[in-house]
Amino acid sequence: MACRDVEKGEEAAASIRRIYCKANVEVRELDLADTSSIRAFVQRLLREVDHLHILINNAGVMMCPYVKTNDGFEMQLGVNHLGPFLLTYLLIGLLKRSAPARIVVVSSLAHNAGWIRFHDLLSQGSYNSGLAYCQSKLANVLFARELARRLKGSSVTVNSVHPGLVRSELVRHSTIMSLLFSLFSLFLKSPRDGAQTSIYCAVAEELHSLTGKHFSDCAPASVAPQGRNEETARKLWDASSELLGIVWDH
Ligand SMILES: NC(=O)c1ccc[n+]([C@@H]2O[C@H](COP(=O)([O-])OP(=O)(O)OC[C@H]3O[C@@H](n4cnc5c(N)ncnc54)[C@H](OP(=O)(O)O)[C@@H]3O)[C@@H](O)[C@H]2O)c1
């Protein structure tokens with residue numbers, strides 16, 4: 001379990017061990033809002049393990065006020081897309097060596113309302129917290145599809161997921177969303193149910209070679225047209241690599 005708050009992570013790990021006493025759960029520090037933390041996490045992981053079969057890029061932040069990550073990226077694009085992009089880049093060698101392996105990118109239905117603002121990717125000119133969230137979730141879908149395309153033939157698959165509307169802490173930054181989520185609380189999924197589509201994509205045997213798809217409710221789901229545009233996906237890939245100062249050709 002890669003968590004920015006190790007204490008909180010240890011509490012979650014302890015609750016897992018209480019239910020499944022044989023569970024082998026380890027907590028490691030990872031702050032996706034800080035590329036040096038991402039690099040330190042991977043360096044440590046590479047010393048500790050020689051196999052990695054599943055990577056679930058789940059962490060996310062929604063509708064926070066305009067703040068920047070340690071590297072100066074707008075927080076939502078930074079944590080939801082650029083951080084996982086760098087993390088996956090640093091782990092891709094290990095995943096390929098461990099193949100068959102799977103990458104799951106947790107996106108959202110909100111990708112439908114997103115578009116990639118290439119002229120102002122980091123919202124420096126203007127910032128709308130809702131649109132920045134939708135942009136970052138569209139970036140998740142585009143990243144998953146482009147990575148799947150590049151990994152064809154490697155036995156490493158990549159799929160994106162909408163987990164459903166889930167009773168979680170995601171809405172913490174938005175009064176309106178917090179109000180709506182508490183009003184409609186009964187209609188929301190529990191965190192346990194919200195995890196099922198990600199778990200399905202990570203382990204379902206019938207998906208062993210399926211890649212580049214989007215899932216919701218443990219079934220294939222449609223992607224908005226802007227999430228299927230290959231040119232946008234390639235352009236976002238190049239822009240993300242440039243922002244992170246990496247060369248990711250394969
Ligand atoms: N809830 C929904 O209805 C819904 C709908 C569609 C999509 N999603 C997506 O589902 C994913 C999970 O969200 P959730 O609903 O479970 O929300 P959540 O309860 O707020 O969980 C988000 C997790 O991301 C972690 N995180 C935030 N910033 C981080 C950082 N800089 N570095 C490392 N970890 C960080 C949080 O850590 P802390 O615990 O330390 O804050 C938290 O554990 C997100 O990608 C979200 O966009 C959720």
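The values are calculated or read from the model by the stated rules, or taken from the named source; none is laboratory data. For clarity, every value in this text was computed on a predicted model and none was experimentally measured. Cβ atoms come from the backbone with ideal geometry, glycine included; neighbour counts cover every protein chain shown. These area figures cover heavy atoms from the full protein model, side chains too; ligands, DNA and RNA do not enter into them. Shrake-Rupley method; radii C 1.70, N 1.55, O 1.52, S 1.80 Å.
Data for the structure
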{"quantity": "Residue in segment 34-42 that is in contact (Cβ under 8 Å) with a residue 24 or more places away in the chain, part of a loop (DSSP other than H, G, I, E, B), open to solvent by 60 Å² or more (accessible area, probe 1.4 Å) and more than 9 Å from the ligand (Cβ to nearest atom) present", "calculated": "no"}
{"quantity": "Unique residue being charged (D, E, K, R) and over 23 Å from Ser98 (Cβ atoms) when the list is Arg28, Arg18, Arg39", "calculated": "Arg18"}
{"quantity": "Residues (among the aliphatic types (A, V, I, L, M) and either farther than 30 Å from Ala99 by Cβ or not in a helix (DSSP H, G or I) (or both)) located in segment 170-204", "calculated": "Leu170, Val171, Ile176, Met177, Leu179, Leu180, Leu183, Leu186, Leu188, Ala195, Ala204"}
{"quantity": "Unique residue being touching a residue at least 40 places away in the same chain (Cβ under 8 Å) and in a loop (DSSP other than H, G, I, E, B) when the list is Leu122, Leu90", "calculated": "Leu122"}
{"quantity": "Residue list for segment 69-83, filter: farther than 21 Å from Ala113 by Cα and within 12 Å of the ligand (Cβ to nearest atom)", "calculated": "Thr69, Asn70, Asp71, Phe73, Gly83"}
{"quantity": "Some residue of segment 174-194 being closer than 20 Å to Met63 by Cα and touching a residue at least 60 places away in the same chain (Cβ under 8 Å)", "calculated": "yes"}
{"quantity": "Residues that are more than 9 Å from the ligand (Cβ to nearest atom) and open to solvent by 30 Å² or more (accessible area, probe 1.4 Å), drawn from segment 6-20", "calculated": "Val6, Glu7, Glu10, Glu11, Ala14, Ser15, Ile16, Arg17, Arg18, Ile19, Tyr20"}
{"quantity": "Unmet requirement for Lys152, which otherwise passes all of (1) away from the ligand (no atom under 12 Å from the Cβ); (2) open to solvent by less than 90 Å² (accessible area, probe 1.4 Å)", "calculated": "(2)"}
{"quantity": "Any hit, segment 47-56, residues being more than 9 Å from the ligand (Cβ to nearest atom), open to solvent by less than 90 Å² (accessible area, probe 1.4 Å), at pLDDT 95 or above and in a helix (DSSP H, G or I)", "calculated": "yes"}
{"quantity": "Yes/no for Cys64 being surrounded by fewer than 18 Cβ atoms within 10 Å (Cβ to Cβ) and at pLDDT below 95", "calculated": "no"}
{"quantity": "Lone qualifier among Ala23, Ala59 - being surrounded by fewer than 20 Cβ atoms within 10 Å (Cβ to Cβ), in a loop (DSSP other than H, G, I, E, B) and in contact with a Lys or Arg (Cβ under 6 Å, 6 or more places away or on another chain)", "calculated": "Ala23"}
{"quantity": "Per-region count, segment 167-223, residues of a type in the set (S, T, N, Q) and within 12 Å of the ligand (Cβ to nearest atom)", "calculated": "8"}
{"quantity": "Test: residue in segment 212-222 that is in a helix (DSSP H, G or I) and surrounded by 13 or more Cβ atoms within 10 Å (Cβ to Cβ)", "calculated": "no"}
{"quantity": "Meets criteria (touching a Phe, Trp or Tyr at 6+ places or on another chain (Cβ under 8 Å) and either farther than 26 Å from Asp249 by Cβ or within 11 Å of the ligand (Cβ to nearest atom) (or both)) for Val106", "calculated": "no"}
